[in-house]
Amino acid sequence: MKPMAHLGVGIGWRPEIADAVDRLDGLDWVEVVAENICPGHLPEALQRLRERGTRIVPHGVSLGLGGADRPDPQKLAALGERAVALGAPLVTEHIAFVRTSSPVLEAGHLLPVPRTRDALDVLCENVRIAQDALPVPLALENIAALFSWPGEEMTEGRFLTELVERTGVRLLIDVANLHTNRVNRGEDPAAVLDAIPLEALAYVHVAGGVERDGVWHDTHAHPVPPVVLDLLAELRSRVEPAGVLLERDDDFPPEAELAHELATIREVVTATASKPGPVPEPQTGAQPGAGAQPEAGPQADAAPGAGAGPEAASGGGGARTRVALGQAALLSALVAGTPVPEGFDRARIRVQVRALAAKRADVVAKVAPELPGILGGSGPYRKAFLAYAKGRPMTAGYRRDALDFAEHLLIQDLPADPAARRRLTAWWRERAGARPPRRIVRWARTLVGRAA
């Protein structure tokens, strides 16, 4: 596996901090959420960074490569288009599932895959499909999780190692997620770092979070805590990462605080560089060294199906069916109110249910910022949305969810204030391109809903 090109210390680019990012001294590169940009219409601030020669890496959040379904060709094509438009050296995604197709449900969040042979077989085939479709190499990120799957057959380290061995995919290691999983799932971050093939490391994520009632929430809205910086130092003592990136997605601090966090991260990486640490042995075929440019094509590192049997090499239909059934049962419990599958920690699942609903309300408010204003502020909006979401899972993304929420209110002749209701009707009509349901239709739908 060829060494990654040097990236340095970077930050996650977000529109809310675009001007601050533009002024940060010594910024080496940025990462952008792939789904938030349009290749032909890049934001001016992002375009300026590119023209200055700042490297930009697209980071996908919607592929769901850990899901039971094969990757959506359109989503893969869109991710590839963004990589080309940005001149990116690679693209990144997550080891997670985000939806099910039977029933059709969207989590709106990255959910953990079970560390089983079935799930690994499916993931490996999905990764190989993605590698074939993408114009640049792919790296996958370990995610933060609130709960564990029952009946897991491998440790995190073994799961990631076999994934790399069978596909040649690179790893994006999030040290904040390692800490999250230490608190929430009792996993040892050092054991993960000791077990995984660090020569496959693409780069590293660092982020903040907060602990509440014994649960660590990976918020990306708090300063990076010392315990996460310690894990960055642990990783750096084992290997020199090509890049380290600070993620911040909400509650953005002043520019000076962002600059200070980046400087602290750089100090950790630089200070730890002088400390001797174990050098990972390269895999067969690896090319030790540093500073080389990344491979020219997405398949240069891959060894499809290596070490796997016939069913594993093709993600066998039986494995996909078993993974699909398990994921559907779990996601239905998380977003549709069905019973929690046997073996899961019910208390942790309840925490996840609340977290998903809260995130859904927050994202819909960002996608449709007019709604809180129409409904009388963030408090009334949130109360109404959470009541709506309780029995109505998301099936087609946040924009559709916002429209469905508005229609749900109108069906019930809400909001009660006639002026607000007229504003909501106009808002819905403008975006849905249709007439609001007539009163008789609203009554009928309400009665059907009550009967159900």
Quiz prompt | ³J(HN,Hα) computed for each position of region 109-116 - Karplus, 6.51 cos²θ - 1.76 cosθ + 1.60, integer Hz, glycine/proline x | solution = 6, 7, 10, x, 8, x, 8, 10
Quiz prompt | Gap separating the Cα centres of region 57-112 and region 146-210, nearest whole Å | solution = 19
Self-check item: For the chain, convex hull volume per residue from C-alpha positions, Å³
Solution: 152
Exercise. Report, in cubic angstrom per residue, the convex hull volume of the C-alpha atoms of region 121-276.
Key: 126
Exercise. Grab the DSSP H runs of the chain that are 4 residues or longer, score each as -39,500 (n - 2.57), total them, divide by all residues and round the 222 nm result to the nearest 500 deg cm²/dmol.
Key: -14500 deg cm²/dmol
Quiz item: Among HIS179, LEU86, GLY108, whose Cα sits farthest toward the positive end of the charge dipole of the chain (+1 at Cβ of Lys/Arg, -1 at Cβ of Asp/Glu, about the Cα centre)?
Solution: GLY108
Exercise. Averaging sequence separations of C-alpha pairs under 8 Å and six or more residues apart, then dividing by the length of the chain, give the relative contact order as a whole percent.
Key: 17
Self-check item: Amide H within-cut-off set for ASP174, under 5 Å, with H built and near neighbours excluded
Solution: ASN142, HIS205
Practice problem: With just the Cα atoms of region 20-148, tell me how far they stretch along each of the three principal axes, in Å, largest first. | Solution: 46, 30, 24
Quiz item: Between VAL57 and residues 5 or more places away or on another chain, which pairs have amide H atoms under 5 Å apart, with H built 1.01 Å from N, and which residues are they?
Solution: VAL30, GLU31, VAL32
Quiz item: Can you pull the accessible area of ASP132 for me, 1.4 Å probe, Å² to the nearest 10?
Solution: 110
Quiz item: Heavy-atom accessible area per residue, the chain, 1.4 Å probe: how many Å²?
Solution: 44
Quiz item: Any idea what the dipole of the chain comes to, in debye rounded to 20, about its Cα centre with Lys/Arg Cβ at +1 and Asp/Glu Cβ at -1?
Solution: 2360
Practice problem: Please work out how many pairs of lysine residues in the chain are eight or more positions apart (or on different chains) and have Cα atoms closer than 24 angstrom. | Solution: 6
Quiz prompt | Shape parameters for region 339-390, alpha-carbon atoms, Rg then Dmax in Å | solution = 13.6, 43
Quiz item: In a shell of Cβ-Cβ distance under 11 Å around VAL340, excluding VAL340 itself, what net charge do Lys and Arg (+1) and Asp and Glu (-1) give?
Solution: +1
Self-check item: Whole-Hz ³J(HN,Hα) from phi, Karplus 6.51 cos²θ - 1.76 cosθ + 1.60, for region 125-132, glycine and proline x
Solution: 5, 4, 5, 5, 4, 5, 4, 5
Exercise. Could you look at the chain and say what percent of its accessible area is carbon and sulfur, using a 1.4 Å probe and all protein chains?
Key: 54
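The values are calculated or read from the model by the stated rules, or taken from the named source; none is laboratory data. In this text, all values refer to a predicted model and were calculated from it rather than measured experimentally. Virtual Cβ from ideal backbone geometry, glycine too; neighbours counted across all protein chains shown. Accessible surface areas use protein heavy atoms only, side chains included; no ligands, DNA or RNA. Shrake-Rupley method; radii C 1.70, N 1.55, O 1.52, S 1.80 Å.
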